[in-house]
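Note sheet for the following structure.
The values are calculated or read from the model by the stated rules, or taken from the named source; none is laboratory data. Since this is a predicted model, take the numbers as computed values, not measurements. Note that each Cβ is placed from the backbone with ideal geometry, even for glycine, and that neighbours are counted across all protein chains shown. Ligands, DNA and RNA are excluded from the accessible area calculation, which covers all protein heavy atoms including side chains. Shrake-Rupley method; radii C 1.70, N 1.55, O 1.52, S 1.80 Å.
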Amino acid sequence: MALPNLTNEYDRSPSYHLFLRISLVLAMISLLCSCSPEMVMPSVKSSPKPSTLRIWLWPGSGLEPLIKKYAADYPQMDVEMVTFQYDDVVPSLMTSLATKSDSPDLVLLEASQLNQLKRFQTQFYNLYDYGDERVHYLDWKWRQAESKNSGFLYAMPVDIGPVALAYRHDLFQEAGLPTDREELAAYLSDWDALEQAGLQLKQRTGAVLFDNITNIFLSYLNQFDGQYVLPVELELSPHVKEAWDRAVYFHKRGLSAGLQSQTSSWAEGAVNRKFALVLAPSWLHGMMKKNAPATAGKWDLTRAPGLPSNLTGTYLAVPKTSSSPLAAYKLARWLTAPQQQLTNFIGSGNFPSTPESYSSSDFLEVRDPFFNNAPVGQIYSYTALRYKSGYDDYDYDYTTIERWIRDGLRRVESDGADPELTWKGIIQQFDTLNHVEGGR
């Protein structure tokens, strides 16, 4: 737009000055309209829109308060929590990976779920690309999160499930058995001693020893190495049959109530003094309190018989469809750091996989009124530090064979199925599966 000539005869008249002002305003408007928005907008910086991380959890993970704290401490990161039922996590994740939609940036996986997904390595980020924090974690727990050649890290370790004996001190006292934690641990030093105590308890109180034989099988197997399959031969580990026989033996001796965990019948049996022992990993505490609150204070804790045992535990993995893998890793690293694992243990009972947490005074002072003020941290850390796990089979998906065995034990215990015939059926299924998958 051309500006008016400022040198003509009208340069000192009032009308000319009005015309000049109007012309200048119009010229400035034209100039502004022809410029890009970035050049003319006021230099006031607005707050950047937070990035969003989506994390998949299941109920009872205990991570929710920590995630809220992280979001408050790092407002530039918005964290969306999506809750799934445990059994729906893997199918939903597989669907998400296949369709590239609604995928999480971070997903909580139980040990067997992670193992099941290791065959899809290309669908996950290698967390070694972002860091190596192994110095903070139990060696066996860390190695479970690796590939077989140790070059790929699937997930960050969260919690573990060391096993202790939760026992009814009132029933043990009535049976004339030791009730002091240390005395009882020494008295029940092996599984044979546990059997004899169970027979005495049943004779004198009418209560049986265990709630169900599935927990016997799992605790017994995992005290060795938790291996279901010998990796080279693709045959069942001899410890699997040994654990099966031990569980069936306790059933035949009438030392199990046949009450499956997390059921209304289990809760009723606990309240009515039907059984006196639970082989309890640390994560089971919350379920016991929820299902049988009336028994609070009647339980106590001591070390389990035999070798140290661990039942599962959890991990945080970053699927390949995450658009913010580095941010997801940073969240996973923060959630699984020693301080956060200690906070989670104090708040929810989930046991840390970080041994440096065990020396904290806060950890050592944790006592649980539900378990007669037992020093839960001290009892479970004893097992966690002494547990030895096998590594060779972690690339083998054992979820199917474990499901068959669990179902078989349930049928033996609840339906009166013949143990030997049931076992033969499991072996036939296992052999058929290996012929199909192994091409033999």
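Numerical summary
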| item | result |
| --- | --- |
| Of residues in region 355-374 being touching a residue at least 60 places away in the same chain (Cβ under 8 Å) and not hydrophobic (A, V, I, L, M, F, W, C), the one farthest from Thr343 (Cα to Cα) | Asn372 |
| Total residues in region 144-184, condition surrounded by fewer than 19 Cβ atoms within 10 Å (Cβ to Cβ), not in a loop (DSSP other than H, G, I, E, B) and not acidic (Asp, Glu) | 1 |
| Residues satisfying the stated conditions in region 261-288, i.e. at pLDDT 95 or above, open to solvent by 70 Å² or more (accessible area, probe 1.4 Å) and under 17 Å from Leu165 (Cα atoms) | Arg273, Lys274 |
| Residue in region 274-296 that is touching a Phe, Trp or Tyr at 6+ places or on another chain (Cβ under 6 Å), hydrophobic (A, V, I, L, M, F, W, C), farther than 26 Å from Gly408 by Cα and assigned to a loop (DSSP other than H, G, I, E, B) present | yes |
| Leu108 vs. criteria touching a Phe, Trp or Tyr at 6+ places or on another chain (Cβ under 6 Å) and over 30 Å from Asn372 (Cβ atoms) | no |
| Condition check for Tyr228: closer than 28 Å to Gly176 by Cβ and among the hydroxyl-bearing types (Ser, Thr, Tyr) | no |
| Residue in region 185-196 that is surrounded by fewer than 21 Cβ atoms within 10 Å (Cβ to Cβ) and over 30 Å from Gln378 (Cα atoms) present | no |
| Any pair with Cβ under 7 angstrom, 6 or more apart, that starts in region 229-258 at a residue that is open to solvent by less than 40 Å² (accessible area, probe 1.4 Å) and ends at one that is assigned to a loop (DSSP other than H, G, I, E, B) and at pLDDT below 95 | Val229/Ser237; Val229/Asp393; Val229/Tyr396; Val229/Tyr398; Leu236/Tyr228; Ser237/Gln227; Ser237/Tyr228; Val240/Tyr228 |
| Given (1) open to solvent by less than 20 Å² (accessible area, probe 1.4 Å); (2) in a helix (DSSP H, G or I); (3) in contact (Cβ under 8 Å) with a residue 60 or more places away in the chain, number of the condition Val107 does not satisfy | (2) |
| Cross-chain or 6+ apart pairs with Cβ under 9 Å, region 134-161 first and among the acidic types (Asp, Glu), then open to solvent by 20 Å² or more (accessible area, probe 1.4 Å) and outside any helix (DSSP H, G or I) | Glu146/Phe152; Glu146/Tyr391; Glu146/Tyr394 |
| Test: residue in region 204-217 that is open to solvent by 10 Å² or more (accessible area, probe 1.4 Å), among the basic types (Lys, Arg) and touching a residue at least 40 places away in the same chain (Cβ under 8 Å) | no |
| Scope region 191-220; condition among the small types (Gly, Ala, Ser) and closer than 19 Å to Ser414 by Cα; matching residues | Ala207 |
| Qualifying residue in region 361-371 (condition: under 27 Å from Val229 (Cβ atoms), open to solvent by 50 Å² or more (accessible area, probe 1.4 Å), among the acidic types (Asp, Glu) and part of a helix (DSSP H, G or I)) | no |
| Selection count, region 309-355, where residues are at pLDDT 95 or above, touching a helix residue (DSSP H, G or I) at 6+ places or on another chain (Cβ under 7 Å), over 15 Å from Leu66 (Cβ atoms) and surrounded by fewer than 20 Cβ atoms within 10 Å (Cβ to Cβ) | 1 |
